[in-house]
Amino acid sequence: MTNIQQVDSESASDSEQSPPEFIGGSADARGYRRRSVLWPAKLIVGSHDFQCQIWNMSLGGARVRLDLPIREGAAVRLIIAGRGEIPATVRWFRNDTAGLSFNIPAEEVRLLFIDQLQSLGLEPTESDL
């Protein structure tokens, strides 16, 4: 299950179709399921830190909202209260939203959220095994 809104192509013309919610790519290009969340966090860029909000995340990355532009390819660290620090790379930025890909293995991310795996939908499924 993904968070991308899709419109049936038979019921709407191409000009009426909504763009995918995740601007950085299609659901088919993702390796992990994404879950909507609304968590405050901190994004560290170099020696500066900025408040941000996580809008969705997976074991491989996150979509965050922040009030300043950030360049694609920037190395960042995402700090989630009570969870720790996740090194990441900015994959895209549009308006006030950035797509991050985590620079640690999915298993390490899974361990950070071990107590919430089921509610986040981050536990492995039969297709993952």
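The values are calculated or read from the model by the stated rules, or taken from the named source; none is laboratory data. Since this is a predicted model, take the numbers as computed values, not measurements.
What residue, of G84, G31, G73, is at pLDDT 95 or above, of a type in the set (G, A, S) and closer than 18 Å to I104 by Cα? On inspection, the qualifying residue turns out to be G73. Among the residues making up segment 60-82, those that are of a type in the set (V, I, T) and closer than 21 Å to R34 by Cα are V64, V76, I79, I80. Taking the criterion of being of a type in the set (D, E, K, R) and outside any loop (DSSP other than H, G, I, E, B), the residues of segment 61-82 that qualify are R63, R65, R77.
Filter segment 83-120 down to residues that are among the charged types (D, E, K, R) and part of a strand (DSSP E or B) and give me whichever is nearest to D67 (Cα to Cα). Among residues in segment 83-120 that are among the charged types (D, E, K, R) and part of a strand (DSSP E or B), the one nearest to D67 (Cα to Cα) is R94.
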